[in-house]
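The values are calculated or read from the model by the stated rules, or taken from the named source; none is laboratory data. It should be emphasised that the depicted structure is a prediction, and the values quoted were computed from it without experimental measurement. In this analysis, Cβ positions are derived from the backbone assuming ideal geometry, glycine residues included, and neighbour counts consider all displayed protein chains. Please note that ligands, DNA and RNA were not included when accessible areas were found on the heavy atoms of the full protein model with its side chains. Shrake-Rupley method; radii C 1.70, N 1.55, O 1.52, S 1.80 Å.
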Amino acid sequence: MAISIYPVTAEFAAEIGDLDLSQPLESSELEAIRAAFARYAVLIFPAQELTVDQHLAFAANFGELERSIELQLGQRRPRTHEAIADVANLTTDGDIWRRDSRRRQYGMMGNRLWHTDSSFKAPAVYASLLYARSIPPVGGHTEFADMRAAYDALPAATKRRLETLRAEHSLVFSRQRIGFDGYTAEEKQALAPVVRPMVRVIPESGRKSLYIASHIGHIQGMPDDAAEALLQELFAHATQRQFVYTHRWRVGDLVMWDNRCTMHRGTDFDDLRWARDMQRATTSDTEGIFGERGAAAFAVTEY
Ligand code: OGA
Ligand code: MN
């Protein structure tokens with residue numbers, strides 16, 4: 001059966017219907033999804049019933065699965081699978097985490113900042129596929145910003161200025177922004193910054209896209225206060241209403257986004273009261289930005 005594509009916004013988000021992702025897909029279905037994903041950077045697959053393995057198998061159609069950062073840093077044992085980024089507010093035993101939990105401080109609060117996933121890794125990531133197993137009745141939405149549309153709408157002078165700028169990304173920087181400085185020296189070393197252009201071209205569409213995230217701590221060749229002022233200006237521009245789609249989750253939604261040309265953030269909810277069980281599979285951007293294919297995870301890349 002042919003898949004159905006229902007645009008939710010004109011150019012950014014679309015819902016994909018008539019598809020059961022627990023089953024292997026036909027190549028024509030996969031091709032249709034890939035084509036839709038090149039146009040819409042956020043795809044919503046409603047009413048899915050997936051095991052962890054089925055979730056990962058679908059994700060693997062879009063590249064190599066990345067390992068969870070927490071596990072790479074040796075912080076905890078997986079609640080589900082080592083290729084699942086555990087975005088839930090649950091302990092390994094399945095209880096709602098406690099007020100003082102370390103993950104609560106750096107994980108959830110970090111996800112409240114506008115970001116793109118794993119821009120601090122080399123290679124960075126391409127697709128994130130987030131699956132909702134349980135959701136709170138109030139809040140806990142996810143907002144997405146279209147960084148291609150945001151780029152297009154920049155003044156010409158700003159576009160010219162950004163063309164040559166390179167930014168340093170690290171998880172340490174975004175966590176500093178929320179006041180978390182609890183990484184060990186060893187973790188900080190593993191999280192050494194990677195350098196990224198601030199504008200990139202998305203190969204499938206040829207569209208230019210702004211490439212910024214809260215993971216940025218420095219812009220090369222700029223004093224930090226000027227860099228931060230520029231960043232804040234770009235965040236304010238890129239997250240204006242007309243560039244943002246807010247996803248209000250239903251249990252069984254799988255939402256997939258292209259990290260190369262979007263930012264996202266989670267919205268507030270009462271995380272000490274309601275379980276929000278969200279699991280993310282993520283695939284590597286193996287083509288890289290400047291052909292960084294094969295670079296070891298965490299290597300400091302020089303361009
Ligand atoms: C993520 C993320 C936000 C949310 O899964 O990468 O940032 O709303 N999630 O859970
Ligand atoms: Mn994220």
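Points to keep in mind about this one:
- Relative contact order, percent, the chain [alpha-carbon distance under 8 Å, six or more residues apart]: 32
- Net lengthening on full extension, residue 250/residue 102 (0.36 nm per residue, minus Cα-Cα): 50.5 nm
- For segment 182-200, there are no residues whose amide N sits under 12 Å from a probe point set 7 Å from the Cα of residue 286 along the beta carbon direction.
- Candidates 138, 244, 195, ranked by Gaussian network fluctuation over the chain, Cα under 10 Å, top entry: 138
- Computed over segment 1-77, the ratio Rg/Rh where both radii use C-alpha atoms and Rh is Kirkwood: 1.04
- Among the protein heavy atoms of the chain, carbon and sulfur supply 50% of the accessible surface, probe 1.4 Å, non-protein parts ignored.
- Our estimate of slack between residue 189 and residue 38, defined as 0.36 nm per intervening residue step minus the Cα-Cα distance, is 50.8 nm.
- Separation in nanometres of the label points that stand 7 Å from Cα toward Cβ, at residue 20 and residue 52: 2.4
- Helix runs (DSSP H) in the chain reaching 30 Å along axis by Cα, Kyte-Doolittle at least 0.0: none
- A straight Cα-to-Cα reach below 15 Å connects residue 208 with the aspartates and glutamates 11, 146, 152, 163, 258, residues fewer than 8 places away in its own chain not being considered.
- Close amide-amide hydrogen proximity is noted between residue 269 and 140, each under 5 Å apart and 5 or more residues distant or on a separate chain (H modeled in the peptide plane; Pro and chain starts excluded).
- Inter-label distance, residue 268 to residue 152: 3.4 nm, where each label sits 7 Å from its Cα along the C-beta direction.
- Considering the chain at the alpha-carbon level, its Rg and Dmax are found to be 18.4, 56 Å.
- Gain in span if fully extended, residue 164 to residue 226, counting 0.36 nm per residue against the direct Cα distance: 20.7 nm
- Set of aspartates and glutamates near residue 188 by C-alpha distance (under 15 Å), chain-local residues within fewer than 8 positions excluded: 70, 168
- Computed over protein heavy atoms with a 1.4 Å probe, the accessible surface of the chain works out to 43 Å² per residue.
- Near the amide H of residue 90, within less than 5 Å, lie the amide hydrogens of 97, all on another chain or at least 5 residues away, with H placed in the peptide plane.
- Solution diffusion estimate, µm²/s, Stokes-Einstein, segment 132-206, Kirkwood Rh from C-alpha pairs, 10 °C, viscosity 1.306 mPa s: 99
- Inter-probe distance in nm under a simple model that places probes 7 Å from Cα toward Cβ, at residue 30 and residue 176: 4.3
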